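Q: Mind having a look at this structure? Questions to follow.
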C-alpha cells in the first residue's frame, strides 16, 4: 500500500513560537537593511530599465584582456563604458550609456566599438533601449507588482479573514523587499527577468502560507479551548513535512538552474533560491506568529480525529489542501 513521503516524523513537536520575537527582530533588520541598501547603494539596473546599449562579444583569445579593452574603449568619448565577464573568461558584456544623438548616435557608437575591437572579435548580440522605453518599463513593473500584491491580499482576505490577509501581505512585502535588497547588496543586474522572479517568489510564498493558514483555520474550529500559541505550533508541525518536501524539491530545481543554467538566467535562478528560503522562513516565522496578536474568532463546530484527513496532513507533493 502506498504511503505518503514524510521527511519529518509525524510526531514532531517543535516549539516554533518560542523564538518568534527574535525572528520578528531579524525580519525587521533585514527589511530595513534592504531598504537602506536600495536607497543608499542603489540597484544595478539592466538595460531594460536604465537604457543604453549592450553588446555581447567573444574574444579571439582564451581570456579577454579587460584592462586593454577598457583602455581602448574609454578613449572613444562615449560615456562611462562598463565591461563585465559574462559566463566565460572569453565572453564580455560591453555596456554603453544612452547616446544623446538618438538612433544615429547609437549606430555610430556601435560602429566605433566594432572598429576599436576589430574583426577578430565575435559580435554575438547588440541590444538597445531608449530612456523613454526604460522609464515605461519601470512604471509597468511597479504597477504589475502592486496589482499582484493587492490581488493576493484580497484573495487571502476573502478566503479566510482580514487578519490572515494582512499577515500574508506583510510576509509578501518581507520576501520581495529582502529579495530586492539582495540584488542591491550583491550588485547583480536588476532587469525585467528579476521582476518576473520577484513576482514568482510572491506567488510561491503565498501558496506556502495558504496551506498553513488552511490548517490553522481547521484547528481553530476543532480545538475551541486550546491556547492559540499551542494551536499554531501544532498546525506548523502538522504541515512541516509538506513544507519540507515542497520547498526542498523546488530548491533543488532552481539550484541546478543557478549552477548550470547559464549566465542569462543566473540572476533569475539566484533570486528564486533566495525567495524559496526566505519565503519558507517568512511563512513559519512571520506570517503565522503574527496571528497570535490578532483577535481571531473561533467559529464552526468542533471536529474530530475520525472526520477524515485534515488539511496539511499529507506531504503536499500530490495532494492539495482542503
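Where a number appears in this text, it was derived from the coordinates with a stated rule and is not lab data. Source: prediction; values computed, not measured. Every residue, glycine as well, gets a Cβ built from its backbone with ideal geometry; the counts of neighbours run over all protein chains shown.
Q: So what is the calculated 222 nm ellipticity per residue for the chain, using -39500 (n - 2.57) for each DSSP H run with n of 4 or more, over all residues, to the nearest 500 deg cm²/dmol?
A: So the helix-based figure for the chain works out to -19500 deg cm²/dmol.
Q: For the stretch 146-286, what class follows from the C-alpha gyration tensor (a ≥ b ≥ c being the square roots of its eigenvalues): rounded when a/c is under 1.5, otherwise prolate if a/b is larger than b/c, else oblate?
A: Taking the square roots of the gyration eigenvalues as a ≥ b ≥ c, the stretch 146-286 is prolate.
Q: Now, a different point. Run through every distinct alpha carbon pair of the stretch 1-130 and return the Kirkwood hydrodynamic radius in angstroms, one decimal place.
A: Details: mean 1/r = 0.0530 Å⁻¹.
Across the stretch 1-130, the inverse of the average 1/r is 18.9 Å.
Q: Same structure, new question: State, as an integer percentage, the relative contact order of the stretch 52-129 based on alpha-carbon contacts under 8 Å between residues 6 or more apart.
A: Once normalised by length, the contact order is 48 percent.
Q: If you don't mind, there's one more thing I want to ask. Kindly put 20, 174 in sequence by how many other C-beta atoms sit within 10 Å of each C-beta, fewest to most.
A: 20, 174
Q: Follow-up. For 65, 214, 175, which order do you get if you count the other beta carbons within 10 Å of each Cβ and list the fewest first?
A: With the fewest neighbours first, 65, 214, 175 line up as 65, 214, 175.
Q: Taking every alpha carbon pair in the chain, what does the distance histogram look like in 10 angstrom bins from 0, in percent?
A: The distribution over the chain is 5, 22, 26, 19, 13, 9, 5, 1, given as percents.
Q: Taking 7 Å along the Cα-to-C-beta vector as the label spot, tell me the residue 157-residue 120 distance in nanometres, rounded to one decimal.
A: It is 6.4 nm.
Q: What's the extension gain from residue 259 to residue 22 if we count 0.36 nm per residue and subtract their Cα-Cα distance?
A: Full-extension gain reported as 82.0 nm.
Q: When only Cα pairs under 8 Å and 6 or more residues apart are kept, what is the percent relative contact order across the chain?
A: 25
Q: At 7 Å along the Cα-to-beta-carbon direction for both residue 11 and residue 186, put a label point, then send me their distance in nm to one decimal.
A: For the pair residue 11/residue 186, the computed spacing is 4.2 nm.
Q: What is the log10 of I(q)/I(0) for the stretch 52-129, computed with the Debye formula using one identical point scatterer on each Cα and no solvent, at q = 0.13, 0.20, 0.25 Å⁻¹?
A: After summing over all Cα pairs, the log10 values are -0.34, -0.82, -1.29.
Q: Any idea what the relative contact order of the stretch 136-244 is, in percent, if you count C-alpha pairs under 8 Å spaced at least 6 apart? Numbers along the way, then the final one.
A: Values: 56 pairs, mean separation 24.0, N = 109.
Averaging sequence separation for qualifying contacts and normalising by length gives 22 percent for the stretch 136-244.
Q: Still on this model: Sort out for me the Cα centre separation of the stretch 23-73 from the stretch 88-120, rounded to whole Å.
A: When both Cα centres are located, 19 Å separates them.
Q: So, one more: Using a ≥ b ≥ c from the Cα gyration tensor of the stretch 86-184 (square roots of the eigenvalues), is it rounded, prolate or oblate, where a/c under 1.5 gives rounded and otherwise the larger of a/b and b/c decides, a/b for prolate? Please report the intermediate quantities before stating the final value.
A: Numbers: a/c = 4.70, a/b = 2.57, b/c = 1.83.
Prolate.
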